[in-house]
Amino acid sequence: MEFFDFHHHDFNREFGIYNLKLNEEPPENFFSAGIHPNAISENIEEHFVWMKEISKLGNCVAIGECGLDGLIEVDGKLQEEVFERQIGLANNLNKPLIIHCVKRFSQLVRFRKKAKVPMVIHGFNKRKSIGEELFKNQFYLSFGKSVLYNVNLQDFLKGFPVDQIFLETDSADFEIKELYQKVSEVKNLSLEDFTLKIKENLKNLQISI
Ligand SMILES: [Zn+2]
C-alpha cells in the first residue's frame, strides 16, 4: 500500500505533493506552486509571472501554499491582496488551493467565498471550535505530525468527516504511514479502507493517483 503525502518538502518523494520553492525547476512528480506570505517581497510581480507559467503544467496539481499569517512582519493588507490574486489564478486554472493560515482564521472564512475551487488548510492543529467553523465553510483539512500525540486533535478528528481529510508530513521527519495508521484507528476504519477514502478525496480535487 502506498500512502499519499498531501504536502511535503522533499523534492525526491514520489507519492505526494511537493511544495515547489520560488523559481525552482519543477519535479516530475506532483507539485504545488504558490507565494507563501513569508515570501512576499518587492519582487512580487516577477514571482507572479513565474507562478502563472509554472502553474499551467499538468503535474502542478494545486496552488499554494498561500494564505495569511498573523505572526510575520509583512503587511496584512498586502498579504490579503497577494492571497486573493492566487485565489483568482486557482479559479481560472480550476486547481485547488493549499492554504497556510496562522492566527487569521476569521479572515480566511471571508476568502472562502471568493474561491470556486476546493481549499485545503494544511497542517491543521488548532482547537475544535476553529475546526468546526472551517468545516461549516467547506474547507478540507490536512493533518500532520501533531495528530500522533495531540489527544484533543485526535478527538476532533473522530467527529470530522473522513471525506474532508488529507494527511501530510510537511517538513517533519517521520513516516507518513504512521499517520495513516493513527488516523484510520481514530476513524475506526481499516488502513486499507481509509487509504481508499483518501484516494477518493483526491479525486474530488481532480488529482488522480
Ligand atoms: Zn509546508
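Would a scan of region 154-167 turn up a residue that is closer than 23 Å to residue 70 by Cα and under 17 Å from the mean Cα position of the chain (by Cα)? Spell out the reasoning first.
To start, the set of residues in region 154-167 that are closer than 23 Å to residue 70 by Cα comprises none.
Among the residues of region 154-167, not one is closer than 23 Å to residue 70 by Cα and under 17 Å from the mean Cα position of the chain (by Cα), which makes the answer no.
Of the residues 43, 38, only one is over 24 Å from residue 207 (Cβ atoms), in contact (Cβ under 8 Å) with a residue 24 or more places away in the chain and out of contact with any Ser or Thr (no Cβ under 9 Å at 6 or more places or on another chain); which?
38
Go through region 94-106 and count every residue that is assigned to a helix (DSSP H, G or I) and within 17 Å of the chain's Cα centre (by Cα).
So the answer is 1.
Among residues belonging to region 1-53 that are over 22 Å from residue 166 (Cβ atoms) and of a type in the set (Val, Ile, Thr), point out the one that is surrounded by the most Cβ atoms within 10 Å (Cβ to Cβ).
40
Report the residue count in region 109-122 for those that are over 16 Å from residue 162 (Cα atoms) and touching a Phe, Trp or Tyr at 6+ places or on another chain (Cβ under 8 Å).
2
Would it be correct to say that residue 174 is crowded, with 18+ Cβ neighbours inside 10 Å and either within 16 Å of residue 1 (Cβ to Cβ) or at pLDDT 95 or above (or both)?
Working: crowded, with 18+ Cβ neighbours inside 10 Å: no; either within 16 Å of residue 1 (Cβ to Cβ) or at pLDDT 95 or above (or both): yes.
For residue 174, the condition - crowded, with 18+ Cβ neighbours inside 10 Å and either within 16 Å of residue 1 (Cβ to Cβ) or at pLDDT 95 or above (or both) - is not met.
Results for (1) more than 16 Å from the ligand (Cβ to nearest atom); (2) modelled with pLDDT of 95 or more; (3) more than 19 Å from residue 37 (Cβ to Cβ), shown as yes or no for each residue.
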| position | (1), (2), (3) |
| --- | --- |
| 87 | yes, yes, no |
| 92 | yes, yes, yes |
| 97 | no, yes, no |
| 111 | yes, yes, no |
| 121 | no, yes, no |
| 137 | yes, yes, yes |
| 170 | no, yes, no |
| 190 | yes, yes, yes |
| 201 | yes, yes, yes |
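Going through region 134-152 one residue at a time, which ones are touching a residue at least 24 places away in the same chain (Cβ under 8 Å) and under 17 Å from the mean Cα position of the chain (by Cα)?
134, 135, 137, 138, 139, 140, 141, 142, 143, 144, 145, 147, listed by residue number.
Answer with yes or no whether residue 28 is acidic (Asp, Glu), more than 16 Å from the ligand (Cβ to nearest atom), out of contact with any Pro (no Cβ under 7 Å at 6 or more places or on another chain) and under 20 Å from residue 72 (Cβ atoms).
no
The values are calculated or read from the model by the stated rules, or taken from the named source; none is laboratory data. On a predicted model such as this, the values are computed, not experimentally measured, just so you know. Counting neighbours? That spans all protein chains shown, and the Cβs are built from the backbone with ideal geometry, glycine included.
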